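Structure, as C-alpha cells:
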Amino acid sequence: MGKRILVIGQGGREHALIWKLNQSPGIDKLYAAPGNPGIAALAECIDIQAEQSEQLLKWAQQNAIDLTIVGPEIPLMEGIVDKFTDAGLKIFGPSAAAARLEGSKIFAKNLFKKYGIPTAQFEVFDNFDAARAFAYELVKEGKPVVIKADGLAAGKGVVIASTWQEADQALNSMMKDRSFGAAGDRVIIEEFLRGEEVSFFVLSDGKNFIPLIAAQDHKQIFDDDMGPNTGGMGAYVNPPVFTRELETQAIEKVIRPVIAAMEAEGCTYKGVLYAGLMITDEGPKVLEFNARFGDPETQVVMPMIKGDLLPLLEASVNGELENHRAEMESGNCVCVVLASQGYPGPYEKGQLIEGLEDLAADTIAFHAGTRLEDGKLYTNGGRVLAVACRGADIKEARNKAYDEVKKINFAGMHYRTDIARKALRRG
Ligand code: AMP
Ligand code: GLY
C-alpha cells in the first residue's frame, strides 16, 4: 500500500518538496500543515501551524502518517523530531540537540574550533565593554568586523560593520537594547571573509552522508547585492565558483568532519545539512550551517533531483544512506523570487496576482506568500512566488525564467534582474 506523508511548513521550500514528492510512486497521500494555495493543488492542507508540535503529533498518530518531513527551523529547534521519535513515529530532520548547529552560532563556532573545521576567526563575548574593545581594535586596523547575535534572529542578527560607529551601534543594539531579546546576550565578533557564497546540501543519516547539489542564493533585495538582506531573492544550481575540486575540499574538510564531530559530541546529526560556505582564496570556509533545506534554494534543487526523493529521505531517518546515492539532472535550474513592494520592510498584502495561467507547461511557480479567495489569487506575504525554469545551461534556464516572470503581474511586484548573472560572467 502507498505511504501517507506529511510535510510541515507553508513556504516556497515546502511547495518545492511537495512538488517533488508528488512524483514519488510509493506515495498514496500527501498532506501539508498548514500549506499554501500552491501546495493545496498537490496535497491536502491541514489547519495546524508548524510550531504546534503537540497537535501535529496527535494528528499524525490519528491519521497513520508513515513519514513527516519538517521544512522550517523553529519546530526543529523546539524538538519536534524528538517528540515524534519518542512516540515511535518516523520524522525527517535533526533532533533539537543536533539542530543547535543552526540554532546557536556559539555552539557551532566552538565545534568548528574544537574539530579544526575551516571558518572565520572569532571571539565570543557576554561582556559589552570587552566586545566593544575587541571590535574597536579590529576596525582601527581597517578590517570590517562581523557581529552576530548568538541565537536565532530571523536572519537579522548579523551586522557587517566597516566603521567604528556601525560596530558600536550594532553592539549597543544587541547587548544593551536587547533588540533580539536573549539572542543578543552573547555575541560573536568575527573576521570578515571575502568571496562568493555557496549553499551546499547533503543528506545525513547520522554516520553516512550523500551530497545532493550546491546552489547560490541572492540575499540582498536589489540588483548587484545592494540594499538590506532578505530571505533570498532567487537561486540557481551548480554555481561555477564551486568547482569539483572545491566540492571535494568541502566534503573532506567540512561535511565529513562535522557529521563525525556531531556524533562524537553525542548529538548525532540526521536530516539535511545545509552548509553556507564562503569560497575564499584559501578554499571553502563555513559561514553557518542550517538544519533544514534552504529557501529559495530548494525551489531549484528539487527540479534537479533525478528519480525518487522519498527513499533518500527514508534512508536518512532509518540510517541506511550507505546504500543510496542521489543523481542529478543535467543542465541548470534558475528561480526568480517575486516580492511585495517594501519587502523586507513593511509591505501591503492583498494585491491581485495575474498571469499564472499563461506560464509555459514546464515552468513551476512555487507559492510562498499567496492567498486564494473566490478562485482568485492574492499576495499574502513579502516573498510571494518563486518562478523556476530548467534549461540546458545557466543561460538558457535564466532567459526562460525571466521571460516567464514577465507574464506575471501584481501591484508593487518587485524582483531582481540579475539572478545567476555572476555565473554567466564567470562561465
Ligand atoms: P550567517 O547567518 O552567519 O550565515 O550570516 C548571514 C550572512 O552574513 C551570510 O550569508 C553572509 O552573507 C554574511 N556573513 C556572515 N559572516 C560573514 C563573514 N565572516 N564574512 C563575510 N560575510 C559574512
Ligand atoms: N536561502 C537562505 C536560507 O534558507 O537560509
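The values are calculated or read from the model by the stated rules, or taken from the named source; none is laboratory data. Remember, predicted model here, so these are calculated numbers, not experimental data. Here the Cβ positions follow ideal geometry from the backbone for every residue, glycine too, while neighbour counts run over all protein chains shown. Areas reflect the complete protein model, heavy atoms only, side chains present, ligands, DNA and RNA absent. Shrake-Rupley method; radii C 1.70, N 1.55, O 1.52, S 1.80 Å.
With all protein chains kept in place, the per residue accessible area of the chain amounts to 42 square angstrom at a probe of 1.4 angstrom. Net charge dipole, the range 372-427: roughly 420 debye, given to the nearest 20, about the Cα centre with Cβ charges of +1 for Lys and Arg and -1 for Asp and Glu. Rolling a 1.4 angstrom probe over the chain with all protein chains present gives an accessible area of which 46% lies on carbon and sulfur atoms.
In order along the range 187-201, the Karplus-derived 3J(HN,Hα) couplings, from 6.51 cos²θ - 1.76 cosθ + 1.60 at θ = phi - 60°, round to 10, 10, 10, 9, 5, 7, 9, 9, x, 9, 8, 9, 9, 10, 10 Hz, and Gly and Pro are given as x. On alpha-carbon atoms, Rg over Rh for the chain using Kirkwood Rh? Checking Rg against Rh, the ratio lands at 0.95.
Once the piece of chain linking Ser179 and Phe192 is laid out straight, how much longer is it, given 0.36 nm per residue of separation minus the C-alpha distance between them?
On the way: separation 13, 0.36 × 13 = 4.68 nm, distance 2.29 nm.
Answer, rounded to one decimal: 2.4 nm.
Measuring r between the beta carbons of Glu329 and Glu78 and using R0 = 30 Å, the FRET efficiency lands at 0.30. Placing +1 on the Cβ of every Lys and Arg and -1 on the Cβ of every Asp and Glu, with nothing else charged, gives the chain a dipole about its Cα centre of roughly 220 debye.
Which listed residue (Pro303, Asn63, Gly181) has the Cα farthest towards the positive end of the charge dipole for the chain, taking +1 on Lys and Arg C-beta and -1 on Asp and Glu C-beta about the Cα centre? Of Pro303, Asn63, Gly181, it is Pro303. Quick one: among Ala97, Ala64, Ala388, which has the greatest mean-square fluctuation in a GNM of the chain with alpha-carbon springs under 10 angstrom? The residue that fluctuates most here is Ala64.
Annotation note: GluC sites (Glu not before Pro) in the range 239-307 located in DSSP loop regions with a Cβ neighbour count of at most 15 within 10 Å are Glu282.
Give the residue from Leu352, Leu76, Ala401 lying farthest towards the positive end of the charge dipole for the chain; charges sit on Cβ (+1 for Lys and Arg, -1 for Asp and Glu) and the dipole is referred to the Cα centre. The residue sitting most towards the positive pole is Ala401. Run the count for the range 275-422, please: Lys pairs, Cα-Cα under 27 angstrom, 8 or more apart or on different chains. So the count of such lysine pairs works out to 16.
Summary of packing: across the peptides 2-9, 254-261, the per-residue average of other C-beta atoms within 10 Å ranks them, highest first, as 2-9, 254-261.
When nucleic acids and ligands are ignored and a 1.4 Å probe is applied, Lys20 ends up with an accessible area of around 10 Å².
For the pair Glu282 and Gln62, the difference between a 0.36 nm per residue extended length and the Cα-Cα distance amounts to 73.9 nm.
A simple charge model with +1 on the Cβ of Lys and Arg, -1 on the Cβ of Asp and Glu and nothing else charged puts the dipole of the range 239-287 at about 140 debye relative to its Cα centre. For the chain, DSSP calls about 80 percent of its internal beta bridges antiparallel. Selection among Pro25, Asn36, Ser53 by position relative to the dipole of the range 1-98 gives Pro25 as farthest towards the positive end (Cβ unit charges, Cα centre).
Look at the alpha carbon pairs under 8 Å that are at least 6 residues apart: their mean separation over the length of the chain gives a relative contact order of 16 percent. When only alpha carbons are used to place a centre, the range 266-311 and the range 1-76 end up 20 Å from one another.
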